[in-house]
Amino acid sequence: MTERTLPPGPPSGRRGPRTVLLRGGAVYSPADPFATAMLVEGEHVAWVGSDGAAEAYAQTADEIVELDGALVTPAFVDAHVHATSTGLALTGLDLTGTPSLAAALAALTAFAAAQEHPGGVLIGHGWDETGWPEGRPPTLAELDAAAGGAAVYLSRTDVHSALATSALRALTEGLAGQPGFHADGPLTRDAHHAVRRTALARLTPGQRRAAQRAALARAAELGIGALHECAGPEISSEEDLTALLELAAEGEGPEVFGYWGELSGRGGVETARRLGAVGAGGDLFVDGALGSHTACLHRDYTDAPHTGTAYLTAAQVADHVAACTEAGLQAGFHAIGDAAVAAVVEGVRAAGARVGADRVRALRHRVEHAEALDDKTVAAFAELGLTASVQPAFDAAWGGPDGMYVQRLGAERAAALNPFAALLRSGVPLAFGSDAPVTPLDPWGTVRAAAFHRTPEHRISVRAAFTAHTRGGWRAIGRDQDGVLVPGAVASFAVWAAGDLVVQAPDDRVAGWSTDPRSGTPGLPDLTPGEPLPTCLRTVVRGRTVHLAAAG
């Protein structure tokens with residue numbers, strides 16, 4: 001990809017937004033499935049078409065970008081992110097993929113020794129005991145010894161439990177009396193929320209800003225043009241969300257749309273409005289996570305004699321959805337286990353009976369994660385107009401016959417998780433995200449995970465998955481016109497170095513029809529597992545370049 005700014009010519013009398021012509025590549029657009037060029041005027045796409053027709057704009061464009069065969073697509077939208085925690089994982093101790101308990105403790109020792117932490121807290125993320133040969137997390141004594149006496153917070157990969165050293169526990173008032181407290185093991189539930197608040201409260205504004213900058217920069221490098229930040233009193237803070245929205249407003253990276261996860265009865269609607277959030281939802285917890293045994297189930301876990309944790313009842317869900325609907329504000333809930341999802345469905349239906357089903361449907365209230373769904377629940381999502389904000393990388397990380405899902409639920413229940421194909425068939429809108437730092441920011445990897453789901457009947461086409469990770473994120477916040485490259489749309493796009501463009505679908509007959517030129521189906525990169533993923537050359541948000549790969 002090369003670019004050149006044209007020298008000033010004779011006065012043309014033209015005044016208006018700056019124009020950029022991209023040509024000589026492939027432009028993924030429903031306006032022209034064979035487009036090779038695109039014109040951008042200011043913040044919007046002005047034209048899409050062929051290189052031949054682009055000559056008419058070449059003489060007046062302020063800049064010409066020679067794509068040299070590169071692919072132009074809408075920028076991705078990550079519909080579920082925790083930016084500060086993601087940035088801390090990028091800049092702090094990342095235990096993702098650590099092969100053993102011993103290796104995790106050694107990494108902690110090295111990290112603590114390299115830090116200056118008088119009075120501060122060291123933060124890390126990503127440990128997962130289910131893949132360790134020891135088969136267990138560290139004891140408190142092992143953790144303290146590895147940390148060298150430092151106050152340390154280490155969130156598990158699912159962020160629903162954490163390890164906390166004795167020094168951090170001592171800083172957390174009333175910890176021992178909180179639900180989820182364990183004297184010698186990971187903390188869950190309210191105890192986990194308490195130590196997390198203690199750890200994050202000790203971040204300086206400079207540390208927080210550096211972490212948020214790191215997260216936004218990483219997103220831009222990956223062709224992500226917008227993020228949905230899922231904030232709330234139990235996951236971050238008002239100060240954290242305010243700082244992130246202010247940073248994003250500076251315009252140097254992706255756009256950020258905030259959600260505030262707090263019940264209306266506790267002032268959640270008013271707080272969401274005051275903070276500038278687009279919804280009172282996100283991580284408003286109905287339950288926890290499967291890895292931490294806190295997702296709420298109808299039947300016991302296979303490897304634990306209980307059904308997990310219920311944080312909200314169907315009645316509380318109904319009250320929140322009704323209040324949000326009356327206020328014209330989108331609601332949303334974190335729900336993973338089948339019992340938690342059932343509580344959301346029951347609550348949303350009750351809210352519809354109270355304030356009007358059409359009004360409830362119109363706001364497209366969200367369910368985050370929504371992993372354990374049967375056919376009846378999928379149909380209820382469609383009936384109630386719910387948006388499924390889902391994370392295909394969860395299946396890639398924990399699905400399959402030897403994965404954590406099977407350990408927790410057994411093979412039959414595990415195989416039913418994340419039924420993306422059934423949701424699409426029923427007309428349920430999908431918005432894809434990462435839940436970073438739970439799984440990394442990785443949009444093409446996310447599309448691949450959906451298209452090559454570990455349970456074949458849940459697979460969807462690459463095109464459908466790509467749509468869920470681009471336009472789906474915009475539709476989830478009520479902006480149906482964005483996330484597509486057509487004249488008049490917002491110019492948020494990415495340029496990719498990619499191999500051959502193909503059409504991939506789970507059904508060979510569909511794939512065969514789609515690759516026929518008469519179908520007018522544009523191709524996307526080959527995402528077959530093992531093939532290299534596309535490399536982002538440039539990310540543009542509302543006409544502004546926020547990432548440009550180094551030459552060579």
Point to revise | Residues with amide H under 5 Å from that of Phe333, placed H, sequence gap 5 or more | key: Gly282, Arg366, Val367, Glu368
Point to revise | For the stretch 351-507, average projected area of the Cα convex hull in nm² | key: 11.2 nm²
Practice item. Enter the mean projected area of the convex hull around the alpha-carbon atoms of the stretch 270-389, in nm², rounded to one decimal. Key: 7.1 nm²
Review point. Hey, got the dipole for the chain? About the Cα centre, +1 on K and R Cβ, -1 on D and E Cβ, debye to the nearest 20?
Key: 900 debye
Check your understanding: By what distance, in whole Å, do the Cα atoms of the stretch 115-197 stretch along each of the three principal axes, largest value first?
Key -> 34, 31, 20
Check your understanding: Working from the pairwise distances between different alpha carbons, so that the mean of 1/r is found and then inverted, what is the stretch 64-178's Kirkwood radius in Å?
Key -> 16.0 Å
Study note, to complete from the structure: dims of the stretch 74-121, Cα set, principal axes, largest to smallest, nearest Å -> 43, 30, 14
Point to revise | When the convex hull of its Cα atoms is projected in every direction, mean area for the chain (nm²) | key: 26.3 nm²
Review point. Any idea what the relative contact order of the chain is, in percent, if you count C-alpha pairs under 8 Å spaced at least 6 apart?
Key: 16 percent
Revision key, fill the gap. With the charge dipole of the chain built from beta-carbon charges (+1 for Lys and Arg, -1 for Asp and Glu) about the Cα centre, the Cα from Tyr28, Ala449, Gln115 projecting farthest to the positive end belongs to Tyr28
Practice item. Any chance you could look up the accessible area of Glu270 with a 1.4 Å probe, heavy atoms only, rounded to 10 Å²? Key: 120 Å²
Review point. Once the dipole of the stretch 348-441 is set up with Lys and Arg at +1 and Asp and Glu at -1 on Cβ about the Cα centre, which of Ala353, Leu423, Pro440 lies farthest towards its positive end?
Key: Ala353
Check your understanding: What does the convex hull of the Cα atoms come to per residue for the stretch 352-426, in Å³?
Key -> 94 Å³
Check your understanding: Helix 189-201: angle to the longest alpha-carbon principal axis of the chain, degrees 0 to 90, nearest 10?
Key -> 60 degrees
**Study point:** Euclidean distance of C-alpha centroids, the stretch 300-323 and the stretch 193-238, integer Å
**Key:** 27 Å
Study note, to complete from the structure: Extension length gain for Thr528 and Thr313 (0.36 nm per residue less Cα distance), in nm, is 73.2 nm
Review point. Taking 1 over the mean of 1/r across every pair of different Cα atoms in the stretch 323-367, what Kirkwood radius in Å do you get?
Key: 10.6 Å
Check your understanding: What nm distance separates the two modelled labels at Ser166 and Arg479, each placed 7 Å from Cα along Cα→Cβ?
Key -> 5.1 nm
Exercise for review: Treating the angle as unsigned and between 0 and 90°, give the value, to the nearest 10°, between the Cα long axis of helix 205-221 and the longest Cα principal axis of the chain.
Suggested key: 50 degrees
Exercise for review: Treating only the Cβ atoms of Lys and Arg (+1) and Asp and Glu (-1) as charged, compute the dipole magnitude of the stretch 24-82 about its Cα centre; round to the nearest 20 debye.
Suggested key: 200 debye
Check your understanding: Debye sum, Cα scatterers, the stretch 122-162, no solvent: what log₁₀ I/I(0) at q = 0.15, 0.25 1/Å?
Key -> -0.36, -0.95
Revision key, fill the gap. Log entry: pair-distance distribution for the stretch 36-83, C-alpha pairs binned every 5 Å from zero, whole % per bin is 4, 15, 27, 22, 11, 7, 7, 4, 2
Practice item. Rounding to the nearest 20 debye, state how big the charge dipole of the stretch 155-273 is about its Cα centre with +1 on each Lys and Arg Cβ and -1 on each Asp and Glu Cβ. Key: 360 debye
Review point. Based solely on its DSSP helices, what 222 nm [θ] is calculated for the chain when runs of n ≥ 4 H residues each add -39,500 (n - 2.57) and the sum is averaged over all residues, nearest 500 deg cm²/dmol?
Key: -10000 deg cm²/dmol
Practice item. Provide the per residue accessible area, probe 1.4 Å, for the stretch 368-484, rounded to a whole number of square angstrom. Key: 32 Å²
Review point. Working out 0.36 nm times the residue gap between Ala249 and Ala353, then minus their Cα-Cα distance, what length gain in nm do you get to one decimal?
Key: 33.5 nm
**Study point:** Whole-number D in µm²/s for the stretch 167-271 (Stokes-Einstein; Kirkwood sum over Cα pairs; 20 °C, 1.002 mPa s)
**Key:** 139 µm²/s
Exercise for review: Could you tell me which of Ala295, Ile235, Leu386 has its Cα farthest along the dipole of the chain towards the positive end, charges placed at Cβ (Lys, Arg +1; Asp, Glu -1), taken about the Cα centre?
Suggested key: Leu386
Check your understanding: How much FRET efficiency would the formula 1/(1 + (r/R0)^6) give for Ala145 and Glu239, where r is the Cβ-Cβ distance and R0 is 45 Å, rounded to 0.05?
Key -> 0.85
Exercise for review: Calculate, in whole percent, how much of the Cα-Cα pair population of the stretch 101-252 lies beyond 23 Å.
Suggested key: 41 percent
Review point. In the chain, what percent of the accessible surface is made up of carbon and sulfur (1.4 Å probe, ligands and nucleic acids excluded)?
Key: 53 percent
Point to revise | With Cα atoms, 0 to 90° folded angle of helix 375-384 axis to the chain main axis | key: 60 degrees
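The values are calculated or read from the model by the stated rules, or taken from the named source; none is laboratory data. Predicted model only: the values in this text are computed from it and were never measured. Ideal geometry is used to build each Cβ from the backbone, glycine not excepted, and the neighbour counts take in all protein chains shown. Note: accessible area is taken over every heavy atom of the protein model, side chains too, but ligands, DNA and RNA are not part of it. Shrake-Rupley method; radii C 1.70, N 1.55, O 1.52, S 1.80 Å.
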